[in-house]
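The values are calculated or read from the model by the stated rules, or taken from the named source; none is laboratory data. Owing to the predicted nature of the structure, the values given are computational and were not obtained by experimental measurement. In this analysis, Cβ positions are derived from the backbone assuming ideal geometry, glycine residues included, and neighbour counts consider all displayed protein chains. The area values use the complete protein model at the heavy-atom level, side chains included, leaving out ligands, DNA and RNA. Shrake-Rupley method; radii C 1.70, N 1.55, O 1.52, S 1.80 Å.
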Amino acid sequence: MSARLRLSSCGLSAGKRARLHRILYKHGLGNGTALFLPYDQGLEHGPRDFFADPVAGDPRYIVRLALEGGFNGIAIQIGLAEKFYWDYAGEVPLILKLNGKTDIPSDARALSPLHASVEDAVRLGADAVGYTLYVGSPAQEDDFAQYRVVRQEAQRLGMPLIVWAYPRGEAIEHKGGKDSFYAVHYAARVASELGADVVKVNFPHPEKHTAVPADYAGEFSSQDAIDAVVRAANRTMVLVSGGSRASDEVMFEKAHESMSAGATGLIFGRNVWQRDHEESLKFVDRLRQILAKYPTP
Ligand SMILES: O=C(CO)COP(=O)(O)O
């Protein structure tokens with residue numbers, strides 16, 4: 001089991017540290033771990049994600065779920081933040097997603113345009129901002145330039161920056177795919193190199209890297225892979241995302257392995273809200289029991 005990063009080891013400015021302290025120690029379990037509820041899928045995938053439980057299409061329901069489930073924060077886009085977040089008077093920390101796109105065009109040249117600024121986040125009382133960076137996309141150069149401005153603004157305003165580090169594009173597909181160990185490992189390192197305070201990654205699948213590039217040949221367990229991903233992020237805290245619906249056992253295993261690797265927390269969306277209310281709360285309770293086993297020293 002690897003040690004979890006303490007806030008004091010992350011090289012954070014005072015404002016960022018205060019905000020992250022609020023998220024990690026004043027909400028959720030208050031033990032330095034985090035459980036975030038992401039709700040940007042309506043933009044990224046469209047309303048089809050709400051077919052499984054139509055009530056989840058209502059942002060009011062999701063904000064209430066974040067509160068009832070004892071989440072450390074909710075990650076939403078500007079439109080929903082403006083119209084729904086204050087229904088609960090900021091009782092759950094807000095992570096304002098600053099960029100995002102639809103999945104209607106292909107991901108061949110993936111780039112998520114900005115829709116909001118770090119100043120919007122300050123105005124709305126957010127405790128962090130989120131930026132999706134497509135590592136490996138042919139548009140990576142433009143993405144890095146757009147990201148640099150956000151990073152500088154976040155630094156100036158003391159706003160923690162969470163990078164959704166997503167491998168994308170044809171080149172990645174030829175190197176094992178976006179969930180491969182190689183791609184996720186590289187993405188975590190990129191986020192740390194580029195100054196993210198927190199990086200959000202997909203759980204790496206060692207079986208998917210198909211030994212391309214050759215340095216990744218060999219036997220890796222999923223625990224080996226997530227251990228390496230957290231190490232690659234070094235002083236950047238790691239959040240592991242949920243992905244599409246899977247069995248509860250698979251999700252709990254992922255949660256255990258991530259926390260054991262030293263990740264700071266989990267950001268699970270569809271696996272939480274693509275089921276009825278009672279089931280969602282039961283699932284969240286099990287996740288909280290897992291996080292309780294891994295307090296930050
Ligand atoms: O962070 C996420 C989306 O922004 C992860 O969401 P899912 O758990 O639904 O994959």
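Tabulated data for the structure shown
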{"item": "Hey, Asp197 acidic (Asp, Glu) and within 15 Å of the chain's Cα centre (by Cα) or not", "result": "yes"}
{"item": "Among residues of the range 1-11, those that are open to solvent by 30 Å² or more (accessible area, probe 1.4 Å) and assigned to a loop (DSSP other than H, G, I, E, B), counted", "result": "6"}
{"item": "Some residue of the range 18-33 being surrounded by 20 or more Cβ atoms within 10 Å (Cβ to Cβ) and within 14 Å of the ligand (Cβ to nearest atom)", "result": "no"}
{"item": "Those residues of the range 70-108 which are assigned to a helix (DSSP H, G or I), farther than 21 Å from Val150 by Cα, open to solvent by 30 Å² or more (accessible area, probe 1.4 Å) and touching a Leu at 6+ places or on another chain (Cβ under 9 Å), in sequence order", "result": "Trp86, Tyr88"}
{"item": "Matching entry among Tyr166, Tyr131, Tyr186 (being under 15 Å from the mean Cα position of the chain (by Cα), open to solvent by 10 Å² or more (accessible area, probe 1.4 Å), modelled with pLDDT of 95 or more and not β-branched (Val, Ile, Thr))", "result": "Tyr166"}
{"item": "Answer residue from the range 141-163, given it is among the aliphatic types (A, V, I, L, M) and in a helix (DSSP H, G or I) and is most open to solvent (accessible area, probe 1.4 Å) among those", "result": "Val149"}
{"item": "Leu111, sole failed condition from (1) assigned to a loop (DSSP other than H, G, I, E, B); (2) open to solvent by less than 10 Å² (accessible area, probe 1.4 Å); (3) among the aliphatic types (A, V, I, L, M)", "result": "(2)"}
{"item": "Any hit, the range 63-73, residues being more than 28 Å from Leu287 (Cα to Cα) and either β-branched (Val, Ile, Thr) or more than 20 Å from the chain's Cα centre (by Cα) (or both)", "result": "no"}
{"item": "Hits in the range 21-61 - residues which are out of contact with any Gly (no Cβ under 9 Å at 6 or more places or on another chain), part of a helix (DSSP H, G or I) and of a type outside the set (Gly, Ala, Ser)", "result": "His21, Arg22, Arg48, Pro54, Val55, Arg60, Tyr61"}
{"item": "Check on Gly15, under 24 Å from Ser117 (Cβ atoms) and either among the small types (Gly, Ala, Ser) or within 16 Å of the ligand (Cβ to nearest atom) (or both)", "result": "yes"}
{"item": "Extreme residue, farthest from the ligand (Cβ to nearest atom), among residues of the range 236-283 that are aliphatic (A, V, I, L, M) and surrounded by fewer than 20 Cβ atoms within 10 Å (Cβ to Cβ)", "result": "Leu281"}
{"item": "Residue in the range 205-224 that is over 26 Å from Gly158 (Cα atoms), touching a residue at least 24 places away in the same chain (Cβ under 8 Å), open to solvent by less than 30 Å² (accessible area, probe 1.4 Å) and within 16 Å of the ligand (Cβ to nearest atom) present", "result": "no"}
{"item": "Selection status of Val118, under 23 Å from Ser192 (Cα atoms), of a type outside the set (S, T, N, Q) and surrounded by 22 or more Cβ atoms within 10 Å (Cβ to Cβ)", "result": "yes"}
